[in-house]
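Structure first, commentary second.
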Amino acid sequence: MPSDASPAAQTVELPEGWTLTLTPALNVTSLTLRDADESPREHGFHPGPLPSALADRQPVRQLADIGDRELRDSAEQLLVGHLEHVATAQANADAFGAQFPDLVSLLAEVAGEVPGCRDRTDIDPDRLTVRLSLTTDAAGSGALLELVNSWLGPQGLKNTTDGLSMEFDGPSRGLAVTLDQVHAAGFLSWLRERGA
C-alpha cells in the first residue's frame with residue numbers, strides 16, 4: 001500500500017537539540033521554540049490551557065510527546081512557519097549574493113568616497129529580505145548624503161520612498177542610511193555602472 005505523502009500526513013519534528021517550551025498564561029498556552037543553544041527562535045500562542053499532563057514535562061523535545069492534537073498542531077504550525085521564514089530569508093540572501101558577487105569591492109568604493117563610512121548587511125526580520133546600512137560620523141555625513149542624492153537622480157531626496165530611510169543624529173551629526181533589498185540593489189547597481 002502506498003504511503004500518504006501529503007503535508008497533513010507528514011510528521012514534523014524539532015531539529016536536533018531544539019526544544020519547545022509550553023507556558024500557561026491565563027486561558028492560553030504560550031509556545032517558545034528554542035534552538036540548540038537555548039536561544040528563542042519563534043514565539044506563538046495556542047488558544048486553551050496547558051494540559052496538566054505536560055506541566056511537568058518541560059521543555060518538550062519531540063512534538064510527538066504532545067498528546068493534545070490541537071496543541072501539537074499549533075506547535076507544528078509554529079515550527080513550520082519558522083522553517084519557512086528561514087528558507088525565505090536564505091533564498092533572498094542567496095539571490096542578493098548572486099546579484100552582487102562584487103559586494104565587498106562596491107562597499108570599499110563607498111568607504112573610499114565617504115570618510116569613516118561603515119557598512120552592514122543583515123536580514124530585515126519583518127520582510128525577510130536583505131537590508132544594507134551605511135553609517136558615518138560628522139566627517140562623512142555630507143559625502144554620504146551627496147552620494148545618496150546623486151544616486152536618486154534629479155529629484156534627489158524628494159524621491160525617497162518606503163525602503164529607504166535616513167537618520168541624522170543632531171548631537172553627533174552622524175548619518176545613517178538604510179536600504180531595503182530592492183533599494184540596495186538599485187544603489188549598488190548604480191555604483192557598479194558608474195564605476196564602469
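None of the figures in this text is laboratory data; all of them are computed from the coordinates on show. Just so it is clear, the structure is predicted and the values come from calculations on it, not from any experiment. Reconstructed Cβ throughout: ideal geometry from the backbone, glycine too, with neighbour counts over all protein chains shown.
Using DSSP H assignments, which helices in the chain have an axial alpha-carbon span of 24 Å or above and a mean Kyte-Doolittle hydropathy of 0.5 or higher?
none
Which residues make up the longest stretch of the chain clear of trypsin sites (Lys or Arg not before Pro) that lie in a DSSP loop with no more than 15 other Cβ atoms within 10 Å, not counting the sites?
62-126
Which GluC sites (Glu not before Pro) in the stretch 96-196 sit in a loop by DSSP (not H, G, I, E or B) and have at most 13 other Cβ atoms within 10 Å of their own Cβ?
For GluC sites (Glu not before Pro) across the stretch 96-196 that sit outside H, G, I, E and B with at most 13 neighbouring Cβ atoms in 10 Å, the list is empty.
Could you run the Karplus curve 6.51 cos²θ - 1.76 cosθ + 1.60 with θ = phi - 60° over the stretch 118-131 and give me ³J(HN,Hα) per residue in whole Hz, x for Gly and Pro?
Coupling constants for the stretch 118-131: 10, 10, 8, 10, 8, 9, 6, x, 8, 8, 6, 10, 5, 10 Hz.
Give me the extension gain from Ser165 to Glu16: residue separation times 0.36 nm, minus the current Cα-Cα distance, reported in nm with one decimal.
Length gained, Ser165 through Glu16: 49.7 nm.
Which one, Ala89, Thr129, Trp151, projects farthest toward the positive side of the charge dipole computed for the chain from Cβ point charges (K/R +1, D/E -1)?
Value: Trp151.
Quick query: amide H of Arg41 versus all other amide H atoms, modeled in the peptide plane; which residues come in under 5 Å with a sequence gap of 5 or more or a different chain?
Hits under the 5 Å cutoff: Leu33, Arg34, Asp35.
Among Ser105, Val60, His43, pick out the residue whose Cα is farthest towards the positive end of the charge dipole of the chain, where Lys and Arg carry +1 and Asp and Glu carry -1 on C-beta, about the Cα centre.
Ser105
Between Glu113 and Glu84, what length comes free when the chain is fully extended (0.36 nm per residue of separation minus the Cα-Cα distance, one decimal in nm)? Walk me through the numbers before you get to the answer.
Details: separation 29, 0.36 × 29 = 10.44 nm, distance 3.92 nm.
Here the segment from Glu113 to Glu84 would lengthen by 6.5 nm.
Give me, ordered by chain and number, the residues 5 or more places off Thr129 or on other chains with an amide H under 5 Å from its own placed amide H.
Asp124
At 7 Å along Cα-to-Cβ for each site, give me the label-to-label distance between Thr23 and Asp73 in nm.
Between Thr23 and Asp73, the label points sit 2.6 nm apart.
Consider just the alpha-carbon atoms of the chain and return their Rg together with their Dmax, both in angstrom.
Rg and Dmax of the chain, Cα atoms, are 23.4, 73 Å.
Extension gain Glu146-Thr32, at 0.36 nm per residue separation less the Cα-Cα distance, in nm?
Stretched out fully, the Glu146 to Thr32 stretch lengthens by 36.5 nm.
Please label the shape of the stretch 120-180 as rounded, prolate or oblate, based on the square roots a ≥ b ≥ c of the eigenvalues of the alpha-carbon gyration tensor (a/c under 1.5 means rounded; beyond that, a/b larger than b/c means prolate, else oblate).
On the way: a/c = 2.13, a/b = 1.23, b/c = 1.73.
Taking the square roots of the gyration eigenvalues as a ≥ b ≥ c, the stretch 120-180 is oblate.
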